[in-house]
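> Could you have a look at this structure, given as structure tokens, before my questions?
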Amino acid sequence: MSGIAAFFDMDKTLIAENSASLYMRHRYELGEVSTLELARGLGAYLRYKVGALDLKAWTKSMMLEFKGRDESELAEEGKRLFDALVRETIYPEAADLVAEHHARGHTVAIVSGATRYIVEPMANYLGVAHILYTRLEVEGGKLTGRVVEPICFDEGKIYWIQQLIEDQEIDLARSYFYTDSVTDLPLLDLVGHPVVTNPDPMLYRTAVKRRWPVRFFDAPNAAGTASP
């Protein structure tokens, strides 16, 4: 164990899309959500990008609709979504970075506000053993509709990462974090090697000011298919 970790955000960092938007579109194509619900979901994503969405409240509200669903059913649905829509959006350069950190003996983890059912298929494909995600309460194999606090967003990411740090004896001063979002500034400030990838405008300005490395990945369809 090297004591060094490489943390990767997922949306717009490992993949070129927003996983929540992909999932919403997938459910729309299956007839599970209406055109109005699809529009509301995409509108929420746009508000999130400009910092106008209370993501914690929105997540709690959205998860209520899964009350009573079998956890195994959602896990299978997540695998199908990954195979059908998500895998083709992986940045080849991001997949190469994951492989590079593995080769260096680093602890690699995906840190995402998405649920396990979305993050786990990605982690399995890239060979990532550790995932930190928004947890949903499950009783008797069924979702209750409640979210386990804290949600894996903003300061909540730090909470869940702290659990991994203690378990894996990770030295944050020697570790890496890759992200596109200004909402991840608290975690970027914690690691010794912050790396900004495909950044939103606010994060880009911050990265330039602080002289952090900035990387722009080629679109997956331009660079080829990512390999695990």
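The values are calculated or read from the model by the stated rules, or taken from the named source; none is laboratory data. For clarity, every value in this text was computed on a predicted model and none was experimentally measured. Reconstructed Cβ throughout: ideal geometry from the backbone, glycine too, with neighbour counts over all protein chains shown.
> Within segment 113-128, does at least one residue satisfy the condition of being more than 20 Å from Leu22 (Cα to Cα) and crowded, with 16+ Cβ neighbours inside 10 Å?
yes
> Just checking, does segment 63-74 include any residue being closer than 25 Å to Glu155 by Cα, at pLDDT below 95, surrounded by fewer than 22 Cβ atoms within 10 Å (Cβ to Cβ) and among the aliphatic types (A, V, I, L, M)?
yes
> Checking the conditions here, which among Glu120, Glu71, Glu139, Glu65 is among the acidic types (Asp, Glu) and out of contact with any strand residue (DSSP E or B) (no Cβ under 8 Å at 6 or more places or on another chain)?
Criteria check complete, one pass: Glu139.
> Restricting attention to segment 161-171, does a residue exist that is buried (at least 16 other Cβ atoms within 10 Å of the Cβ) and closer than 23 Å to Ala57 by Cβ?
Within segment 161-171, one or more residues are buried (at least 16 other Cβ atoms within 10 Å of the Cβ) and closer than 23 Å to Ala57 by Cβ.
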